[in-house]
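Beneath this line is the structure, given in structure tokens, with notes to follow.
The values are calculated or read from the model by the stated rules, or taken from the named source; none is laboratory data. Quantities reported herein were computed from a predicted structural model and do not represent experimental measurements. Cβ placement follows ideal geometry from the backbone for every residue including glycine, while neighbour counts extend to all protein chains displayed.
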Amino acid sequence: MTRLFNEPDAFAAEMVEGFAAAAGRWVRQVPGGVVRSTRSVEPTVALVVGGGSGHYPAFAGLVGPGLAHGAVMGNLFASPSAHQAYDVARAADRGRGVLFSYGNYAGDVLNFDQAQERLRAEGADVRTVTVTDDIFSAPAERRHERRGIAGDLVVFKVAGAAAEEGASLDEVERVARLANDRTRSMGVAFSGCTFPGADEPLFEVPAGRMAVGLGIHGEPGIEETDLPTADGLAELFVEHLLGEVPEGVTREGARVVPILNGLGTVKYEELFVVYRSVHARLEEAGLTIVQPDVGEFCTSFDMAGASLTLLWLDEELERLWLAPADTPAYRRGQVDALRVEDAGDLTTDPTVPSAPDEAAVPPAGEGSLAAVPMVTGALTAVAATLDASAGRLGELDRVAGDGDHGLGMQRGSRAAAEAGARAAELGAGAGTVLVRAGDAWADAGGGTSGAIWGVILRTIGEQLGDEEAPDAARVGEAVTRASDAVRAFGKAEPGDKTLVDALVPLAETLQRALGYGGDLSTAAAEATGAAEAAAAATADLTARKGRSRSHGDKSLGTPDPGAVSFGMVARTVLDRLTDSTDPASRSEQEITDE
């Protein structure tokens with residue numbers, strides 16, 4: 001359990017600030033995360049890594065000469081927003097291109113891809129290599145769907161070393177993909193992890209049992225087994241990992257790097273006892289062990305667990321793996337062999353994005369301004385609903401996810417309501433209020449849900465605009481455009497067990513009811529009912545997208561939390577349309593009972 005914190009909502013931000021202050025020799029804080037506080041004498045490709053916080057030393061602890069050039073730092077277990085990834089990449093870029101690399105999680109992919117598109121539109125050469133080392137999260141024939149866990153370190157180290165040598169972006173991308181192709185990992189847990197301020201862990205493992213095949217975000221394991229001895233765990237690790245030798249590798253006589261990783265509260269002494277047996281078993285299998293690592297490299301907050309990674313070397317990978325590096329948490333070789341110079345005072349560095357001018361809002365027409373109180377009231381009401389429902393949404397998400405959906409929706413909706421209110425005070429029209437609310441939701445909420453709600457609100461806002469009053473036809477069209485935008489953005493379709501299962505019926509029903517001549521309130525009531533029914537029906541679906549995908553049928557019988565929370569938002573907005581009572585003023589019990 002996490003004991004040392006101030007306000008739970010401020011934990012991640014305060015952690016970043018403290019880390020940057022403590023690690024100033026290597027890093028400096030920029031919007032969205034950290035970048036190096038030193039520079040290579042000659043400009044190099046910039047390796048930008050990242051993901052949710054709570055995994056130290058991944059990701060910020062790996063920034064420094066010979067490894068990463070920047071780390072994007074999201075909230076706890078929540079992928080960073082596209083804005084954060086964009087800002088860190090801009091601050092790290094030295095004109096030779098940027099390689100994004102991170103674990104293959106839906107929210108990270110959505111947000112980093114969005115940042116990549118924006119950077120490319122500005123003329124930057126940006127590539128992406130996602131890490132897919134977790135053998136338990138998908139079968140070998142669908143290896144591209146696997147999660148990234150402690151194998152992140154391998155891909156980052158190899159790519160960072162290549163960049164330090166002066167390699168081109170093409171070459172850095174190539175060796176990063178090669179490292180990923182030759183890396184395999186698996187993890188186990190003996191207990192879950194607990195967020196600051198939370199009363200219980202994200203998942204629990206029964207006494208005397210062990211979860212096998214877990215991720216690093218608090219996701220429960222794929223299966224459970226009795227708690228083994230240290231030798232038994234080593235046998236389990238080695239047996240599974242030697243069962244999948246990468247393509248092109250001859251097992252007999254192969255050179256491998258074993259990385260035994262503690263996930264949070266398993267002590268180094270315990271890891272050494274396990275590694276004793278891992279080392280012996282790998283040698284018995286005829287493998288040559290090269291520069292093993294035992295320690296904490298990619299944690300899961302205070303989870304009790306461990307993972308084993310094997311990197312299958314060739315000559316090039318071995319050279320890059322053994323190359324010097326100097327970061328806050330990972331050091332190897334002679335640091336002075338890396339030609340770096342003090343970057344000096346970079347507080348006014350022109351590559352660091354400046355904060356947008358929030359005081360500047362476009363002019364708005366009277367019709368749009370008249371709708372602003374309705375919009376801001378709905379945003380406030382949605383925040384109240386999701387705040388009261390965070391616990392229930394978290395429980396749904398724990399079944400086959402990481403249990404943080406309620407927290408993410410809580411943070412995102414609260415930020416959206418505050419941003420909308422600020423825009424309204426500055427005289428913004430309804431469209432700008434929604435656009436700024438969407439951007440704030442994406443930034444504060446993080447993850448897949450944050451990104452998607454950012455798309456929803458921004459699309460609706462852009463369609464409504466700031467000139468005319470948003471009549472029923474325009475609202476219906478805006479919701480349809482938002483539905484289309486989400487499907488294009490996240491690549492999910494009805495039946496995948498996501499928010500889309502509720503969004504599409506709402507948009508289609510709303511347009512159909514309006515087309516029959518219905519008024520907006522009546523049509524919205526019919527559409528909301530369709531969304532809620534569709535959300536409930538997701539209990540009968542097997543997840544095909546998102547983190548729950550790795551757990552197969554485990555989510556059967558439980559509705560998708562994203563679809564359920566979408567139905568809650570739709571119901572709350574409907575209340576604003578049809579009820580003179582402000583839902584934001586209702587008690588938490590009234591909201592929860594609905």
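What the table below lists for this structure:
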item	result
Spans of helices (runs of 4 or more DSSP H) in segment 96-195 with at least 3 residues surrounded by fewer than 24 Cβ atoms within 10 Å (Cβ to Cβ)	106-121, 169-181
Residue within segment 86-103 that is at pLDDT below 95 and in contact with a helix residue (DSSP H, G or I) (Cβ under 7 Å, 6 or more places away or on another chain) present	no
Selection count, segment 496-506, where residues are touching a Lys or Arg at 6+ places or on another chain (Cβ under 9 Å) and under 15 Å from E532 (Cα atoms)	5
Among the candidates L386, L393, L464, residue that is of a type in the set (A, V, I, L, M, F, W, C), closer than 28 Å to F301 by Cβ and modelled with pLDDT of 95 or more	L386
Answer from A325, A359, A337 - the residue that is over 23 Å from the mean Cα position of the chain (by Cα), among the small types (G, A, S), farther than 15 Å from A424 by Cβ and modelled with pLDDT under 85	A337
Pairs with Cβ under 6 Å, 6+ apart, first in segment 249-265 and assigned by TED's automatic domain parsing to the domain that holds F297 and within 13 Å of I149 (Cβ to Cβ), second outside any loop (DSSP other than H, G, I, E, B) and among the polar types (S, T, N, Q)	I259/T309; N261/S307
Selection within segment 77-90 - over 22 Å from Y330 (Cα atoms) and in a helix (DSSP H, G or I)	A82, H83, Q84, A85, Y86, D87, R90
Which listed residue is assigned by TED's automatic domain parsing to the domain that holds R146, assigned to a loop (DSSP other than H, G, I, E, B), at pLDDT 95 or above and of a type outside the set (K, R), from V205, V245	V245
Test: F272 is within 29 Å of the chain's Cα centre (by Cα) and either assigned by TED's automatic domain parsing to the domain that holds G61 or not in a strand (DSSP E or B) (or both)	no
All positions within segment 420-450 that are on the phi > 0 side of the Ramachandran plot and either part of a helix (DSSP H, G or I) or in the same structural domain as G50 (by TED's automatic domain parsing) (or both)	G447
Test for G50: is it at pLDDT below 95 and at positive phi	no
Residues of segment 488-511 classified as at pLDDT 95 or above, assigned to a helix (DSSP H, G or I) and not β-branched (V, I, T), total	9
Boolean, A285 is over 31 Å from the mean Cα position of the chain (by Cα) and modelled with pLDDT of 95 or more	yes
Set G51, G74: member being in contact with a helix residue (DSSP H, G or I) (Cβ under 6 Å, 6 or more places away or on another chain), among the small types (G, A, S) and not in a helix (DSSP H, G or I)	G51
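Residue-wise test of (1) surrounded by fewer than 19 Cβ atoms within 10 Å (Cβ to Cβ); (2) closer than 30 Å to R142 by Cβ; (3) among the small types (G, A, S); (4) within 25 Å of the chain's Cα centre (by Cα).
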residue	(1), (2), (3), (4)
A473	yes, no, yes, no
A485	yes, yes, yes, yes
A488	yes, yes, yes, yes
A492	no, yes, yes, yes
K497	no, yes, no, yes
G515	yes, no, yes, no
A533	yes, no, yes, no
